[in-house]
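The values are calculated or read from the model by the stated rules, or taken from the named source; none is laboratory data. On a predicted model such as this, the values are computed, not experimentally measured, just so you know. Reconstructed Cβ throughout: ideal geometry from the backbone, glycine too, with neighbour counts over all protein chains shown. Only protein heavy atoms, including side chains, enter the accessible area calculation; ligands, DNA and RNA are left aside. Shrake-Rupley method; radii C 1.70, N 1.55, O 1.52, S 1.80 Å.
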Amino acid sequence: MRQARPILSVLLTAAALLVLMQSYIYLRDGQMAQWLRALLAIIWGVGGLMLLFTLASNVVEQFSPRWKRRLVPILFVGPAVAIVIWYLALPAVRTLVASLYDAKGEQFVGLANYIYAFTSREMLLSFRNNFLFWLIFATLSSVIVGLVIAVMADRTNPLFEKICKAIIFMPMAISMVGASVIWRFMYEYRPAGASQIGLLNAIVVAFGGEPQAWLMQQPWNNLFLIVIMVWLQSGYAMVILSAAIKGVPVELNEAGRIDGASEVQLFFKITLPNIWGAVVTVATTIMLATLKIFDIVQSMTGGNFGTQVIANVQYTQMFRQFNYGRAAAVAIVLLLAVLPVMYYNLRQFNKRTEAF
Amino acid sequence: MKKAGTMLVYAILIFLTVAWLTPTLGLLVSSFRPDNEVSATGWWTAATHPTESTFTLDNYRTVLGLPAPGQVIQRGRENINLLTAVVNTLAVAVPATVIPILIAAFAAYGFAWIRFPGRRWLFILTIGLMGVPLQVSLIPVLRDYIKIGLNGTYLGVWLAHTGFGLPLAVYLLYNYISTLPKDIFESAFIDGATHFTIFVRLILPLSAPALASFATFQFLWTWNDLLVPLVFLSSNQGSQVLTQRLLGLMGSFGQDWHLLTAGAFISLLLPLAVFFGLQRYFVRGLMAGSVKQ
């Protein structure tokens, strides 16, 4: 009986794997209503993983204590490490290699793809948009708006503060694609004389101006796309900064007031230096998001009218031009652009938590 | 002076709040207006001229593919069928939330409470990759997927979201699990419990707040993401998620604002509910890890 257990647990695991694989094929190829397939897929994915963990732990338990000590860590951290290596660590190296090969990944082409990535018109345009417009304007505006709201709301009635912050924070739940629908409607343009259904042009016309096709006006259309990002991200900045502000000891401000400092002086001399770490964290996080910006550009203009960005060039090269070499080189350029900010952000992170 | 200052603060905040809310309000109002009114007058007309405005559910019926008896649908709009996209999005987002949490919780426990050689290095490797742009992974992973037949499947998308979400998940859960008091499980060990039973019986329930934090975060992320499904999910309409379909609708029916607004609002409904329902957890997650995106 005692010898039967190990065999049984291995057999059980093998059987479970077989069932999972068969049901996978059935779910993929079988004819059924989409909602049923979705429901079964959810059960298959979540349940299957739990089952596998349980059975694998059962198998590990059958070994001698010495082997168990070696196998248990693999059971616990193995899956995570394997996935991270497959999806993040190795791809970085493989993309670097792919960037030295041609469109189909067959012929070695040296640095040709990087010449494209650093000199082509669309990439130069992307550099301008990513680094000049998005990085600077989107980050500064989001941080400033978030900071202003956090500081001001701190001085109002608690219920008012709560409602106000909830509304500013709400866009965080909205997808960039959803936000693009919302804002494309705001920017909707009808020729002069026609009834404007976009709010922005309606306001312009109401004040006696000419309606504008906002998304076509180079290079200012970049700023109109950035407005969407600011609308989405200010709430994030506000929440983090607001928490930091509430952590500044009240006595500091009280002492300043007694010494006769104005509210503006208090902000610059006391509040801001005390929350600087949080400001940097928020700014670097938003910077990372702006460097990788894709969804908004893809759904608002598709990168046309002078609004191209690096991530959209990467996507276009990969799925419209099918040029894997160029797409890989552009991805590496993106990684290089992100790296310094990432490094700084992770260090900041580490200071707070000592994780590394 | 002091009073004027306070008034100014309230005025600015009210202005900003209204400005922030207006675009979404415009979307919501338009989604309930009939198409001829949406294309003829601004949505604010519903407030300024309430007697001349009508409201309807037809837009929602059209985009969901559930027409009312006798409802006439414009040509080409019969098969928008966003209901399928809602189902697909759920099928992507739910496992893409649960799977990384489970795998990350196991790993976090392993890193925090099991001694083994190489622990520190593997931990640094796992969370140090946080923030690597997705774009770097797309081509190699897509090639692997095509080779092993994972391209266009739910499983492929779940695994991709798992891979991209794991560093943050391990990091958040490690911070929590490593601070649990040691004596809780020491007595369990003495009673002969294995790591696995301790993990399932003690750690998972005790970590519920941290799990909920990451779950809200990851669910909103996977529900709202466009790039991952765009790359790894098949491009046929029947299996696309909401963000993909919205992008497609913007392309083909860019002037059908009555439909676009209804479709967009459908895509916002669940994330907004999750967001307001679990905001406490979401904020906690945001505070702890602001590197992803």
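These residues, B:87, A:10, A:330, go from largest to smallest accessible area, 1.4 Å probe, as A:10, B:87, A:330.
Taking only DSSP H segments of four or more residues, each worth -39500 (n - 2.57), what value at 222 nm results for chain B once the sum is divided by all its residues, to the nearest 500 deg cm²/dmol? Could you put the intermediate results ahead of the total?
On the way: 15 runs with 205 residues, N = 293.
The helix contribution divided over chain B gives -22500 deg cm²/dmol.
Surface composition of chain B: carbon plus sulfur atoms contribute 66% of the solvent-accessible area (1.4 Å probe, protein chains only, all chains present).
In square angstrom and rounded to 100, what buried accessible area do you get between chains B and A, total over both, with the probe at 1.4 Å? Walk me through the intermediate numbers first.
Working: alone 16700 and 21850 Å², together 28460 Å².
The B and A chains share an interface burying roughly 10100 Å².
With a Förster radius of 35 Å, plug the Cβ-Cβ distance of residue B:51 and residue B:73 into 1/(1 + (r/R0)^6) and report the FRET value to the nearest 0.05. It would help to have the intermediate numbers written out before the result.
Working: r = 28 Å, r/R0 = 0.79.
Result of the calculation: an efficiency of 0.80.
For the stretch B:169-197, a decrease in accessible area of 30 Å² or greater in the assembled protein chains relative to the isolated chain, with a 1.4 Å probe, applies to B:171, B:194, B:196. Taking only Cα atoms and a 10 Å spring cutoff, compute GNM fluctuations for chain A and point out the largest among A:132, A:20, A:199. So, out of A:132, A:20, A:199, the one fluctuating most is A:20.
Give me the Kirkwood hydrodynamic radius of chain B, using the inverse of the mean 1/r over all pairs of distinct Cα atoms, in Å to one decimal.
By the Kirkwood definition, the hydrodynamic radius is 22.3 Å.
For A:161, A:254, what's the largest-to-smallest order of accessible area, 1.4 Å probe?
Working: A:161 20, A:254 85 Å².
The ranking, largest first, comes out as A:254, A:161.
Which pairs, out of A:165/B:3; A:246/A:292; A:68/B:182; A:165/A:269, put more than 28 Å between their alpha-carbon atoms? Violating the 28 Å limit, Cα to Cα: A:246/A:292. Normalised by 2.2 N^0.38 Å, where N is the number of residues, the alpha-carbon radius of gyration of the protein assembly as shown equals 1.02.
As a test of reading the structure, rank A:5, B:143, B:75 by solvent-accessible area (1.4 Å probe, protein chains only), most first.
On the way: A:5 135, B:143 80, B:75 205 Å².
Descending order: B:75, A:5, B:143.
Between residue A:204 and residue A:103, the FRET efficiency estimated from the beta carbon spacing at R0 = 41 angstrom works out to 0.35. Among B:187, B:213, B:178, which one shows the biggest mean-square fluctuation in a GNM of chain B, springs joining Cα atoms closer than 10 Å? Highest fluctuation among the options: B:187. Annotation: amide H-H contacts under 5 Å for residue A:101 (H modelled 1.01 Å from N, sequence separation of 5 or more, or interchain): A:109. Relative contact order of chain B, taken over Cα pairs closer than 8 Å and 6 or more residues apart, is 28 percent. When only Cα pairs below 8 angstrom with a gap of at least 6 residues are kept, the stretch B:2-56 shows a relative contact order of 30 percent. When chain A is treated as a Gaussian network with alpha carbon springs shorter than 10 Å, the biggest mean-square fluctuation among A:303, A:260, A:198 belongs to A:260.
Compactness ratio for the stretch A:150-205: Cα radius of gyration over 2.2 N^0.38 Å (N = residue count) comes to 1.61. The residues of chain B expose, per residue, 40 Å² of accessible area to a 1.4 Å probe. Screening chain B for whole DSSP H helices of 24 Å or more along their axis (Cα) with average Kyte-Doolittle hydropathy at least -1.0 returns B:2-31, B:82-113, B:154-177, B:257-277.
Which shape class, rounded, prolate or oblate, goes with the stretch A:113-353 when its Cα gyration tensor gives a ≥ b ≥ c as root eigenvalues, a/c under 1.5 marks rounded, and past that a/b bigger than b/c marks prolate? Please list the in-between numbers first.
On the way: a/c = 2.57, a/b = 1.35, b/c = 1.91.
Taking the square roots of the gyration eigenvalues as a ≥ b ≥ c, the stretch A:113-353 is oblate.
Residues of the stretch A:76-104 buried by at least 50 Å² of accessible area upon assembly of all protein chains, compared with the chain on its own (1.4 Å probe): A:76, A:77, A:80, A:81, A:83, A:84, A:86, A:87, A:88, A:94. Is the shape of the stretch A:63-177 rounded, prolate or oblate, going by the alpha carbon gyration tensor and its root eigenvalues a ≥ b ≥ c, with a/c under 1.5 for rounded and a/b larger than b/c for prolate? Because a/c hits 1.5 or more and a/b fails to exceed b/c, the stretch A:63-177 counts as oblate. The residue among B:83, B:135, B:68 whose Cα reaches farthest toward the positive pole of the charge dipole of chain B, with charges on the beta-carbon of Lys, Arg, Asp and Glu, is B:135.
Residue A:250 contributes about 90 Å² of solvent-accessible surface, heavy atoms of the protein only, 1.4 Å probe. Simple spin-label estimate for residue A:131 and residue A:321 gives 2.0 nm between the two label positions (7 Å along the Cα-to-Cβ direction from each Cα).
Placing a label point 7 Å from the Cα of residue A:19 along the Cα-to-Cβ direction, the residues of the stretch A:48-67 whose backbone N falls under 14 Å of that point are A:48-56.
How much of the accessible area of the stretch A:113-353, probe 1.4 Å, is carbon plus sulfur, in whole percent? Walk me through the numbers before you get to the answer.
Values: 6390 of 9580 Å².
Here carbon and sulfur together make up 67 percent of the probe-accessible area.
Accessible area per residue for chain A in Å², computed with a 1.4 Å probe and the full protein assembly in place, what is it?
Details: 16750 Å² over 356 residues.
Ligands and nucleic acids excluded, the figure is 47 Å² per residue.
Given the -39500 (n - 2.57) contribution per DSSP H run of 4+ residues, what per-residue ellipticity at 222 nm results for chain A, rounded to the nearest 500 deg cm²/dmol? Don't skip to the end; give the middle numbers.
Details: 17 runs with 246 residues, N = 356.
My calculation for chain A gives -22500 deg cm²/dmol from helical runs alone.
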